[in-house]
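Following: one structure in structure tokens, then a few remarks.
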Amino acid sequence: MSAYGAITTRNRPSGPLASTLWHCKPRTSPSAKYLTIHHLTLADALTHSGLLQYLHTCFAEELERGMTYPQEILQGETYTQSMFEGYFFGADVLLGVVGEGDLPDGKNDGSVVELLLDVARNGRSWEESVAGVYYVKPNYPGRSSHICNAGFLIPPAQRAKGFGAVLARSYLHYGPRLGYEASVFNLVYVNNVASV
């Protein structure tokens, strides 16, 4: 939901975008050589047992910390999974999964990979496999809906590994493919050092 109410997206692809591979820089954990990025809608996410619950928990805890998003959880209130789904899955979501093993030969950043989310997960828990997630949605309605906004979330266990930078690179790839021509970040807190 935005300050303008529900905003419909236009110029969207008719189906999910292809999954892609992205190299990790050396500061990431030694075993993480790459991430695969998977385009999700709420309907897609619902087919993966435990994924929405895990992402909701991470996001609710992030809101509780009060360092990165403007929503407040007041004493006695609960940020429900339904609230999370409405906010985070309002349009498109891209999920980064930590790659295992060696890099596929000849793959550059943004290379399409024929890898389903469950195959990329490879039997690991969501906590082990999810490097991070971000949404992409229009920032404004109508004639300005070609300008998007993104919100990133790196689970605490995956922070300081460089995954946020990898997700940011993938955002520059996926934003135009989702039909957007520009991007704006409305709000970045000064104490969110990784984003400043």
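Observations on the structure shown:
- In the stretch 133-148, residue nearest to Leu94 (Cα to Cα) [restricted to those that are touching a residue at least 60 places away in the same chain (Cβ under 8 Å) and buried (at least 19 other Cβ atoms within 10 Å of the Cβ)]: Val133
- With respect to the conditions (1) closer than 24 Å to Val188 by Cβ; (2) touching a strand residue (DSSP E or B) at 6+ places or on another chain (Cβ under 9 Å); (3) of a type in the set (Asp, Glu), Glu128 falls short on a single one, namely (1).
- Residue match in the stretch 87-110 (condition: touching a residue at least 24 places away in the same chain (Cβ under 8 Å) and assigned to a helix (DSSP H, G or I)): yes
- Residue in the stretch 128-143 that is modelled with pLDDT under 95, in a strand (DSSP E or B) and more than 24 Å from His23 (Cβ to Cβ) present: yes
- All positions within the stretch 40-63 that are aromatic (Phe, Trp, Tyr) and under 14 Å from Tyr135 (Cβ atoms): Phe59
- Members of the stretch 105-123 found to be at pLDDT below 90 and surrounded by 13 or more Cβ atoms within 10 Å (Cβ to Cβ), listed by number: Lys107, Leu115
- Conditions (1) closer than 23 Å to Leu63 by Cα; (2) under 17 Å from the mean Cα position of the chain (by Cα); number of the one not met by Leu116: (1)
- Residues (in a loop (DSSP other than H, G, I, E, B) and without any contact (Cβ under 8 Å) to a residue 40 or more places away in the chain) located in the stretch 53-83: Gly66, Gln71, Glu72, Ile73, Leu74, Gln75, Gly76, Glu77, Thr78, Tyr79, Thr80
- Selection from the stretch 166-187 of residues that are touching a residue at least 60 places away in the same chain (Cβ under 8 Å) and of a type in the set (Val, Ile, Thr): Val166
- The conditions of being part of a loop (DSSP other than H, G, I, E, B), closer than 16 Å to Tyr180 by Cβ, at pLDDT below 80 and more than 18 Å from the chain's Cα centre (by Cα) are not met by Arg27.
- Only residues that are assigned to a loop (DSSP other than H, G, I, E, B), surrounded by fewer than 12 Cβ atoms within 10 Å (Cβ to Cβ) and either at pLDDT below 95 or among the polar types (S, T, N, Q) (or both) were counted across the stretch 40-52, and they come to 2.
The values are calculated or read from the model by the stated rules, or taken from the named source; none is laboratory data. No experiment lies behind these values; they were computed from the predicted model shown. Heads up, the Cβs are rebuilt from the backbone with ideal geometry, glycines too, and the neighbour counts pull from every protein chain shown.
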